[in-house]
Structures are given as C-alpha cells and as structure tokens.
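No lab work stands behind these numbers, since they all come straight from the coordinates. Here the structure is a predicted model, which means the values were calculated and not measured. Every residue, glycine among them, receives a Cβ derived from its backbone with ideal geometry; neighbour counts consider all protein chains shown.
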Amino acid sequence: MRSQKGHPQSSVTVSSNRQSAIGNRQFLSAGVENVDTFRYLHQAGATAGPQRRIAIEDLLATAIHPADAGESAPRFPEPRLRPLVIGFALLAAGLLAYSQTIAFHWDEGFHILTAHLIDTGKRPYLDFFFPQTPLNAYWNAAWMAIFGARWRMVHVVAALVTLGSVLLMAQYLFALAPDPRWRRAAAFAALALFGLHSLVWEFGAVSQAYPLCLLLVVAAFRLSIAAVDRPRIGMSALVGFLAGAAAGSSLLTAAVAPVLLVWMWLYNRAGNRWTKAAAFMAGAAVACVPILVLFVKGPQQVIFNIFKYHSIYRRLDWEGATAHDVGVASDWLNSSPSLLLVLLALAGIVFIRKSEFLPARRAELRLCLWISLAVTVENMFAHPTFPQYFVFIIPFLTVLAGLGFYAVAARLGNPHQPLAAVILLMVTAVLCLGNSIYEDRDSYTWRKLEQVAKKMKEVTPKGAPLLAPEQIYFLTNWPIPPGMEHEDAHKLKLAPAEEAKLHVVSKAEVEQRVKSGEFPTTVSCDDDETSDLDDWDVYSQKAEFDRCNVYWQFKKNTAKPK
C-alpha cells in the first residue's frame, strides 16, 4: 500500500529512536561511503517541508535499514562522467584558443625573455637583472630547449598547466559533495567558479608564474591531505617540495608553505609529526637548490633581486601606489565572478559550521580557508599590489564556494535535481567571462607586437645596437645591449659599482646614449618615452603601431658615437 504522497507506507516516517541512533558505526556497517551525506540529510529533514522531508527520511531509512525499503527505495547510481568530460574538453579548447590569440600581459615580456636568455646559457642575477624567483623561468627555458623559443609554445604549456590545476580541484569537489547525486554538479561548480574565472583566463595562459604556481599549490594541497594519514615521510617531503617550488617560482605564494606545514603538524594522524615536518622542510629546501647555487656564486645579486628590490625600490616613480592598493583591496566588489565566488564561499562557511562533517573533512575545509586568508594578507602587503596577485586563492575559495553552491541550490531548489542550478551557474560564469574578453578585445597582443618586430627588422642593420622592450628582443632574437634585459631596472638610482654588479643601466644613461646616436633603431611602447623621443628630435623616420612606435634613421644633426 502507498500513502497519498505515493511514498511506501513502511518508510513514510522514520521513528525518532531510529533518527537518534544514526552514528558512524551504523553508517559503516550499512556500507555507507559518505557519512557526511547522511548526517546532512538527517539534519535537513528536521527543517524541510513535508514533501522534501519525506524524501530525505526515505534516503535515511534506505541507508540505515535497506531491508525495510524494498525494491522501490531510491538508489544512488554512479553519476555519468560524459557531460563532465565534454565540459572540460570545451574548457580546454577555449583556453588553448585564447592562449594563442588574446592572452597577453605586458609584464610577461621580461619573464619570457629571461627564459630565452637561460636557454642560451645565461644565468639570472649573475648575468642580467631579474627581480623574481627563477624557477618559472627555468621551467619555460626547459620547454624552449625542447620546442624552440616561441611564445605560442610557452602559452600552450601554461594553458595545459592551468587546466591541470582546475581538474585537480574539480576531482576533489566531486568526491567532497555531501550528496552523491551532486558530485557531478560539484565538479561543474569547480569548472564554473575556477576554470571560467576571468583572472584565471587572463593570467593562466601566459609565460608569467601564475599557471605553474596554481598547479604547484593545488597539488601541494591535495597531497597534504593524503600525507597526514601516511606514516612514512615521503609524501610530506613531496608536499614541501611542491610548496617550495611554488615560492621559488613566485614569492606571491610564499605563505602557502608555512600554512601547509602548520596544518600537517596539527592534524597529523599517522607517523611522527616531527619527522614528517623535517621531511617537509627538506623537500622545500631541495626545491630551492637552484636559488642556493646562484646565491653561493653571487649573494649580493641574489639578495638584491629577490628581496631588496621588492622591499625598497619597487615603489619608485609611483606616487599613487597607496591609493592604488586601496582600490585593489575593494576591486573584487566590481568583478562579477569574484563577487559570486566570495559570496558562495561565505555561504559554504556557514554551511560547514552548521553541518556535521567528520573532523578529518572539516580540517581539510579549514585548510582551504587558512590558505586563502594567508595569501590574501601576504599579497595585500605586496606594495603596490594588483588583482592578479590574488588568483592563487581562487582554487581554495572554489572548494568553499562549491559547498555554498550546494547548500543554496539544495535549499532553494529541488535537492534531487541539481541540473537547473548547474545550468544557471554555468551560464552566469560563461557570460561573465565573455564580457571580460569582449572588454579586452582591443588590448595589445603578441600578434600585434610581431608586426612591430617585423618593421624593426626591416629598418635596422643586422646586428646593430637596438633599444626596445623585452618582447621585441625576444621576438627578433636580437642581440641585447648589456643592462637592457629588464626595462623597469632603468628607474633604479644606484652607485656605479653596484650598477655594474647588478647589470643595471640608469634612465639618465639610457637617454644620453639615445641622444648621442648609439642606437640606429629605437622601439618605444611607453607614452612618456615616446614623447621624449619626439622632443629629442634624434630620428627622421617613425612608424606608428597603435601603442608602439619604431624610430630609425638619424637626423643630420645627431651626434654619432665614436
């Protein structure tokens, strides 16, 4: 017999004594894989409406007393993965296409040039100025050694690395979903909130350190969760290596390593925590070996480039740096994908506090929050700071936001059918990304710079001294005058001996060399520099390419260098 609701009469209502008996042993003896699921269902049944309460109680009865439910009891079939495979294939195709067409950031010029110089045998710090940690440059140089020094290849590798980090987080959310029927929806949430975030696209397919660091910190997070349950030290050492490599690629991720170390020490469940902490630090030290080797050969150069430049000289010639930082701190309010991510993450935190997650699972979620807060605080003090510095918190906020998405959608919609909520989230993410790409449609790209490089080669005698941005040196493989490897270094005002050791040429010296006719061709992509070149009246020929200008052919009154 059935009730008026069409529900089996034997399981219409789960008795109060059964509900109070729900515990870990009963879940495990019943073969339940996800205890968190049924704890949440039991809790949700108390406040749900009549129809939803019946369905929730039915699930509880089936889980704890499967014999009572009979053949009509609902089951949890394994979610089909084909939609996910299609979704991630489309994401991969889109990001790869973006990497070959639109992906470009002006600062990647000195990153990709540094990798090229390393590929030709030069050493950062010791042979040229490079105010960054070097592992990402060595990473790009390794790929250049295999496939050649081409920006397209570097962008393909960057896009694939970013896709790898998205896939790792999607798989984690797939297993984390409190309701097995929401596993596929949780993975799509990762795709939408992480994989389709405009910052991830803008900086996840370029030669800067963002793609590699995203993969390293996400992989370190995933392995740290496994390491606390391993009695041996190998996994802990690997986590330390990955976290150390991330910091060795960009100091913007330096806060991740200590957070992981403290978390693993606090929540260790197997083996000696002190031994595993020592293994973690040893792994981090191994990742820093290339930096240590350079330090031994040139301690002053390494200290200046990695530490002193950022703490003292980075703000030179930037009067509004503090006001800029304040604007960046509130920039997420003006970004639709970031605002959505933060709001869902807050909903996820509320859901976690009210739900009875197992202690181990709750600790993992706490780690996501810790990393997000630590990286945020660190990069707020990277004076001046920029929105892209916070791209590293996106994967960890995505975990919290994925749970928030589940909690909101399950409460406001049908808890059994997540399809509508997933479609709404995906459409929102795609529209936000599409709007961001559309707004950047007129931005500079590598293909536009290739036109500038082509013109430069046409008008410049082969091997002649050239003054140009880093991107032009890379595209043309042109000989680089000493001290011109990093354009921002010209703003430094140092003693002559220190300039020589650091391979720095001051702005005043560059101007004097231009006026004296040392460079038969000059390429300028800076408005102030272009204005100065026009005022100096050194060259008789000029070709304009949107943001960049090519100057050549000295005027008769221009002094020629001896």
Item to check | Inter-site label distance for Ile303 and Arg80 at 7 Å from Cα along Cβ, in nm | outcome: 6.4
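Want the number for Ser330 to Asp526: 0.36 nm per residue separation, take away the alpha-carbon distance, what's left? Present the calculation step by step, with values, prior to reporting the outcome.
Values: separation 196, 0.36 × 196 = 70.56 nm, distance 2.80 nm.
The span from Ser330 to Asp526 would gain 67.8 nm if fully extended.
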Checklist outcome for this item: Listed with the fewest Cβ neighbours within 10 Å leading, Thr253, Thr530, Thr322 appear as Thr322, Thr530, Thr253
Checklist outcome for this item: Whole-Å distance linking the alpha carbon centroid of the stretch 80-158 with that of the stretch 501-515 is 30
Next on the checklist: Counting other beta carbons within 10 Å of each residue's own, what order do Cys368, Cys288 fall into, fewest first?
Outcome noted: Cys288, Cys368
Item to check | Debye intensity ratio I(q)/I(0), log10, the stretch 257-347, q values 0.19 Å⁻¹ (C-alpha model) | outcome: -0.94
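Evaluated at 20 °C with a viscosity of 1.002 mPa s, what Stokes-Einstein diffusion coefficient in µm²/s does the stretch 446-554 have when Rh comes from the Kirkwood expression over alpha-carbon pairs?
Values: Rh = 14.2 Å.
Rounded, D is 151 µm²/s.
Quote the charge dipole size of the stretch 446-554 about the Cα centre in Debye, to the nearest 20; the model charges only the Cβ of Lys and Arg (+1) and of Asp and Glu (-1). Don't jump to the answer; show the numbers that get you there.
Numbers: 14 positive and 21 negative charges, 101 e Å.
Its charge dipole is roughly 480 debye.
Roughly what % of Cα-Cα distances in the stretch 80-182 sit above 18 Å, to the whole percent? Walk me through the numbers before you get to the answer.
Numbers: 3070 of 5253 pairs.
Every Cα pair in the stretch 80-182 considered, those over 18 Å come to 58 percent.
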Checklist entry - Can you sort Val459, Val206, Val293, Val239 by how many other beta carbons sit within 10 Å, fewest first? => result Val293, Val459, Val206, Val239
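State, to one decimal in nm², a quarter of the convex hull surface area for the C-alpha atoms of the stretch 264-407, i.e. the direction-averaged projected area.
Result: 11.7 nm².
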